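First up is the structure itself, then whatever we jot down about it.
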Amino acid sequence: MTDPDSPALAGLPEPAADIAVECLHCGRASVLRAEALSPGLPLVHLTKRLRCSECGSRAVKAVRVETPRDVARTIRSRIRARRA
Ligand SMILES: [Zn+2]
């Protein structure tokens, strides 16, 4: 079934990208599965809704990542920065 008025159905869906979330307060990093997010949700809106599960801070940064390799790199670089 196709709804011609819906731009979301006008073409193929964009490949889902996961979101790496980092707390700017305590440095906790985690990854949100793209499947759990609303498609096309702007990152800035997502960031406003997020809260750190570790310290409760709302100062979180969200970065779209394309591959598990990117996720690992994001988290690794954060850990390295904390130890430095
Ligand atoms: Zn935190």
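Just so you know, all these numbers are worked out from the coordinates, no wet-lab data involved. Note that the structure is a prediction, hence the values are computed from the model and not measured. Every residue, glycine among them, receives a Cβ derived from its backbone with ideal geometry; neighbour counts consider all protein chains shown.
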Residues that are within 13 Å of the ligand (Cβ to nearest atom), of a type in the set (A, V, I, L, M, F, W, C) and under 18 Å from residue 18 (Cβ atoms), drawn from segment 53-84
60
Scan segment 23-35 residue by residue and report those that are away from the ligand (no atom under 16 Å from the Cβ), within 10 Å of the chain's Cα centre (by Cα) and outside any loop (DSSP other than H, G, I, E, B).
34
With the requirement that a residue be within 9 Å of the ligand (Cβ to nearest atom) and either surrounded by 16 or more Cβ atoms within 10 Å (Cβ to Cβ) or within 16 Å of residue 64 (Cβ to Cβ) (or both), what does segment 36-52 give you?
52
Hits in segment 41-52 (condition: in contact (Cβ under 8 Å) with a residue 12 or more places away in the chain and either within 11 Å of residue 17 (Cβ to Cβ) or part of a helix (DSSP H, G or I) (or both))
43, 46, 47
